[in-house]
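The values are calculated or read from the model by the stated rules, or taken from the named source; none is laboratory data. These numbers come from a predicted model, not from an experiment. So basically every Cβ, Gly included, is an ideal-geometry build from the backbone, and we count neighbours across all protein chains shown.
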There are 2 protein chains.
Amino acid sequence: MKHNFGAGPCILPQEVFKEAAEAVLDFNGLSILEVSHRHKDFVAVMDEAMDLVKKALNVPSGYSIVYLQGGATLGFTIAALNMMRETKKAGYINTGTWASGAIKEAKKVGVDVNVFASSEDKNFTYIPKNYTIPSGVDYIHFTSNNTIYGTQFKSFPKTDLPLVCDMSSDIFSKEINVADFDLIYAGAQKNLGPAGATLYIVKDEILGKSTSPFLPTYLDLKQHVEKESMYNTPPVFSVYVAMLNLRNLIANGGVKAMEDRNNAKATLLYNEIDSNPLFKGAVETEDRSNMNVTFLLTDESRAAEFDAMWKGAGIVGLPGHRSVGGYRASMYNALPLESVQVLVDVMKEFARKG
Amino acid sequence: MKHNFGAGPCILPQEVFKEAAEAVLDFNGLSILEVSHRHKDFVAVMDEAMDLVKKALNVPSGYSIVYLQGGATLGFTIAALNMMRETKKAGYINTGTWASGAIKEAKKVGVDVNVFASSEDKNFTYIPKNYTIPSGVDYIHFTSNNTIYGTQFKSFPKTDLPLVCDMSSDIFSKEINVADFDLIYAGAQKNLGPAGATLYIVKDEILGKSTSPFLPTYLDLKQHVEKESMYNTPPVFSVYVAMLNLRNLIANGGVKAMEDRNNAKATLLYNEIDSNPLFKGAVETEDRSNMNVTFLLTDESRAAEFDAMWKGAGIVGLPGHRSVGGYRASMYNALPLESVQVLVDVMKEFARKG
């Protein structure tokens, strides 16, 4: 058995893999891969996939769910285009690679970006605090969890301005108050489903108010909300598996139960990092991510030895992102506590060997 | 057994479904749905998926293959943005819904569109001919096969201008000369693979020459060519299944063999439509599509009777598009001749019953 600590695309529940494989062979007599997206059986899948997001996150009325394609990368552009108003200004928090990408893409479509908080001074090893949210801007944007650096917002920015969040890597991992947001978007390939779908949770009142002179139909959330994610052919299989996964999530206690499990996994691993003299955490303690645990060896010269040990234990996906090095244990919803225990045991054994 | 005449997402080879289902359960020890796109095993898949396109279509040197997301709908925008040059003018042929969509999206990003040929006067039931291709425009755009109406270009526009084609519904169904084109794009969900991937065949010399003031990174083909379709997380499973399907295509004789089979299927069905007094073709004979065969009852009042018969024979996906009515038998590469024979037998039986 392999223990998949990969950062995404990542582990999903084994039952979901099994059900997905079955549907590739037989979904009401056809393969799910050959079913028309207009067929009533798939329309029902899409409807359920949208409804289950509302159920899992207690999405209040006045919000719509949309499944699109293009990942958060296209989401950066879609967010900027759809939230752009009279000032064409926006406030962004820069907490690393993906937040920087969101800033870059907003600028590319003509947003005057005010980066009012950033942790770039310490290589994104913390979450900025004590910032002043600007006034006179169209919206505020932040990235809730920073997959590469291993930091996570423990509380969200408080503002009366429209709030936009790229929640790709921690959505469905803990309870959130959707009413605080005007737009949430998330690539599916962490806690939602396989790569190829991107989720949008949209406050209906933001729709149709863009001031951008360029708004291709595919990038206009209003079109997709009106067509219930069927403006054009959706990523059928990715949406189907997302639906299976959301069913599984709810059957296993929902987001609150996942939050508890994720806290337990994080506590187990961070305790080991803090108590084991051969390891150290890579980021500020108070800003540590429960999804992506980044850590370093205190003696880098022993990397080959440690690497051989965790690989021998069936662990995969542990190297840190190519841009930062070290180690990263991604512990998405579907990663069992037992897998974390295997890693902790390897770390203890590594220390015992001295 | 069902006979899937659906217009897309559509039938793929049964062996491909089987191999795809196996990979959902086990792809080198993990599910293909949880493998990182940066893992060498998936990088190899992406490389093969790109190489097999080149092999299947004899793509000459100087062209690159890219897999993206968003379907041809986002392709309409990507084509316009990447082909826009000094004049910001382009010539489009309007042969129906998808061609009209391409025109609409080009205009939305600032292209001055000259529709120099159109079959709108007869509800898109033919392919325009004897048109004059405009000069002094940046590029020429057309749609090779019109899924909804059932028409298909039998020869392509001849021009020295950059030629762009939405080939979503007939790519890989017949031999083409890629060197005639500067850009070909195609939603995967007909002859390539499941929904969720979009193929681009790009002449390298067009890259980086856009004059659009608006060019988000995800819409810039240069970025994707440079990153070999890995600028951001690709639609992993859709690309994997496309690779399986291309392997299957080549193992079964390649595009030329498919073309021969597709001709045989089309001949069988069109002959029945023309010889059976209860049916008539929906479009000009010389412009009939080999992919999407549209036809009508000569006596519409007998529709319920005919519908019961083909449904009873296990046929699915035969109703015409909701915007045009009638019937549409989509006969993509993977549809066996035997399925067409089943439909023809039903039509003969319908006539025999009088």
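If I ask for residues that are touching a Pro at 6+ places or on another chain (Cβ under 9 Å) and either more than 7 Å from chain B (Cβ to nearest Cβ) or among the aliphatic types (A, V, I, L, M) (or both), which ones from region A:1-10 would you list?
So the first thing to find is which residues in region A:1-10 are touching a Pro at 6+ places or on another chain (Cβ under 9 Å), and the list is A:3, A:9.
Correct list: A:His3 only.
Here is the figure for region B:172-192: residues that are touching a Leu at 6+ places or on another chain (Cβ under 7 Å) and either more than 14 Å from chain A (Cβ to nearest Cβ) or under 22 Å from A:Ile32 (Cα atoms) (or both) total 9.
Take the residues of region B:153-170 that are aliphatic (A, V, I, L, M) and part of a loop (DSSP other than H, G, I, E, B): which is surrounded by the most Cβ atoms within 10 Å (Cβ to Cβ)?
Going through region B:153-170, the residues aliphatic (A, V, I, L, M) turn out to be B:161, B:163-164, B:167.
Among the residues that remain, those that are also part of a loop (DSSP other than H, G, I, E, B) are: B:161, B:167.
Details: B:Leu161: 17, B:Met167: 26.
Top of the filtered list is B:Met167.
Do you know which residues across region A:306-327 are in a strand (DSSP E or B), touching a residue at least 40 places away in the same chain (Cβ under 8 Å) and farther than 14 Å from A:Met347 by Cβ? Listed by number, the list holds a single entry, A:Val316. Within region A:200-225, restricting attention to residues that are touching a Ser or Thr at 6+ places or on another chain (Cβ under 6 Å) and outside any helix (DSSP H, G or I), the residue that is nearest to A:Val164 (Cα to Cα) is A:Val202. Under the condition of being at pLDDT 95 or above, buried (at least 18 other Cβ atoms within 10 Å of the Cβ) and aliphatic (A, V, I, L, M), the residues counted in region A:310-328 number 3.
Of the residues screened, A:Glu228 is one that is modelled with pLDDT of 95 or more, in a loop (DSSP other than H, G, I, E, B), of a type in the set (Asp, Glu) and in contact with a helix residue (DSSP H, G or I) (Cβ under 9 Å, 6 or more places away or on another chain). What number of residues within region A:231-255 satisfy the criterion of being part of a helix (DSSP H, G or I), small (Gly, Ala, Ser) and surrounded by fewer than 18 Cβ atoms within 10 Å (Cβ to Cβ)? Total satisfying the criteria: 2.
Surrounded by fewer than 23 Cβ atoms within 10 Å (Cβ to Cβ), under 15 Å from the mean Cα position of the chain (by Cα) and of a type outside the set (Gly, Ala, Ser), is that true of B:Ile176? Answer is yes for this residue.
From the list B:Ala334, B:Ala303, the one residue that fits, being part of a loop (DSSP other than H, G, I, E, B), outside the structural domain of B:Ser144 (by TED's automatic domain parsing) and modelled with pLDDT of 95 or more, is B:Ala334. Counting residues in region A:231-251 that are over 20 Å from the mean Cα position of the chain (by Cα) and away from chain B (no Cβ under 14 Å) gives one or more.
Across region B:29-44, which residue is farthest from the chain's Cα centre (by Cα) among those that are at the interface with chain A (Cβ under 7 Å from one of its Cβ atoms) and under 10 Å from A:Val316 (Cβ atoms)?
Narrowing region B:29-44 to residues at the interface with chain A (Cβ under 7 Å from one of its Cβ atoms): B:29-31, B:33-37.
This time we only want the ones that are under 10 Å from A:Val316 (Cβ atoms), so: B:29-30, B:34-36.
Values: B:Gly29: 34, B:Leu30: 32, B:Glu34: 29, B:Val35: 28, B:Ser36: 29 Å.
In this case the residue turns out to be B:Gly29.
Give A:Asn262, A:Asn290, A:Asn245 a once-over and let me know the one that is within 29 Å of A:Met50 (Cα to Cα) and assigned by TED's automatic domain parsing to the domain that holds A:Met46.
A:Asn245
The residue of region B:134-146 that is surrounded by the fewest Cβ atoms within 10 Å (Cβ to Cβ), among those that are in contact with an Asp or Glu (Cβ under 9 Å, 6 or more places away or on another chain) and either assigned to a loop (DSSP other than H, G, I, E, B) or at pLDDT below 95 (or both), is B:Asp138.
Within region B:185-199, can you find the residues that are part of a loop (DSSP other than H, G, I, E, B) and more than 8 Å from the chain's Cα centre (by Cα)? Of everything in region B:185-199, those that are part of a loop (DSSP other than H, G, I, E, B) and more than 8 Å from the chain's Cα centre (by Cα) turn out to be B:Leu192, B:Gly193, B:Pro194, B:Ala195, B:Gly196, B:Ala197.
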